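S.K.: If you scroll down you'll find the structure; I have some questions about it.
None of the figures in this text is laboratory data; all of them are computed from the coordinates on show. Since the structure is predicted, the reported quantities are computational estimates derived from the model, not experimental observations.
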Amino acid sequence: MFELGWLEIGIIGVIALVVLGPERLPKAARFAGLWVRKARAQWFAVKSEMERELAAEDMKASLQAEREAIRDAVKQLDDEARELQSGVGDATRLDVTPPAGANDPAADPKPPVP
């Protein structure tokens, strides 16, 4: 913002003392301080309001993105469920029999343990 050093502030103080005089200078300084405080308070209020609005917009955008991700996941799950349901219908028509000798203990290739 304004970059004032001690030299500049001193010069402004001397000029104010000469122009206003020693009687009116304290009152003018209080008045200027009051307006500076009000301006600063207003600036911080506007700044915090803008930050809140930006945070709300970011929150809305992230919520919208999450909703879209959830919709995509639900759609994908629905598609997979339909594929599985159609696959189960086909699998019930297939004849699935175990391989020959699967339940036969004599066909076990392991030798007996003594």
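S.K.: Working out 0.36 nm times the residue gap between L25 and E83, then minus their Cα-Cα distance, what length gain in nm do you get to one decimal?
M.R.: 12.3 nm
S.K.: Would you check the range 6-84 for Lys pairs whose C-alpha atoms are within less than 29 Å, ignoring same-chain pairs closer than 8 in sequence, and give me the count?
M.R.: Pairs that pass both the separation and distance tests number 4.
S.K.: Once Rh for the range 6-84 is found with the Kirkwood sum over Cα pairs, what is the Stokes-Einstein diffusion coefficient at 10 °C and 1.306 mPa s, in µm²/s?
M.R.: 87 µm²/s
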